[in-house]
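Working notes, structure below.
What follows draws every value from the coordinates through simple rules; no lab data is involved. In this text the structure is predicted, and so the values were computed from the model without any measurement. Quick reminder, even Gly has a Cβ in these numbers, built from the backbone with ideal geometry, and neighbours come from all protein chains shown.
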Amino acid sequence: MEDFLNEYGYVALLVGTFLEGETAILLASSLIHRGVFGGLYTVFFAFAGSFISDWIYYLIGRLNGKLFLARRPKLLTKFEPIQYFLRKNQLMILLSYRFLYGFRVVIPLAVGMSGLRPLTYLFYTIVSGLMWAALVSVLGYWIGRWLNITAAVLEINFLWIVLGFTGLGLCIGLAVRWLAMRSTID
């Protein structure tokens, strides 16, 4: 495992954050205290993977979303309340969506369909992506240090550690989602 991480660790982190997010960054950052990953590189590659993912979904929404919905009138009526919610809470959503577990694909697609200008979206993806990558990396670092996770421990307990980090990511996402929904009700 350590040889793989030394050779492909940052590429694996970039691909992992492109596909999933929290679990990949928590796994990588839990090994920072052991020197397997560097803190700034971990934040950068985690940010890069999520940034690329966000932009692909944003562009799909911007270039094809309205045509896709126009061909599906039933789906269009379900999408209109989402667009209204997005317009009403744009700033909060654009700054917090990276933390919303289960919405990481839907929100960039919806934002792309909303007509938000690319430069505006660029600004918010950079700010929210860096904030997300840094905060989750710090959390992973402290968990890795507290549990004394090493590459060998990760290899032996990979499934349990992945399940634990996935659960933690889900809890973080649900907590942010609950807070976001609560603030829109008030």
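Residues in segment 88-121 that are exposed (fewer than 14 other Cβ atoms within 10 Å of the Cβ) and out of contact with any helix residue (DSSP H, G or I) (no Cβ under 7 Å at 6 or more places or on another chain) were compared, and the one that is nearest to Arg62 (Cα to Cα) is Gly115. Filtered by the rule that a residue be more than 15 Å from the chain's Cα centre (by Cα), closer than 22 Å to Met92 by Cα and in contact (Cβ under 8 Å) with a residue 24 or more places away in the chain, segment 151-181 gives a lone residue, Ala180.
Taking helices (runs of 4 or more DSSP H) that do not extend beyond segment 10-93, which have at least 1 residues that are under 17 Å from the mean Cα position of the chain (by Cα)? In segment 10-93, the matching helices (runs of 4 or more DSSP H) lie at 22-29, 39-60.
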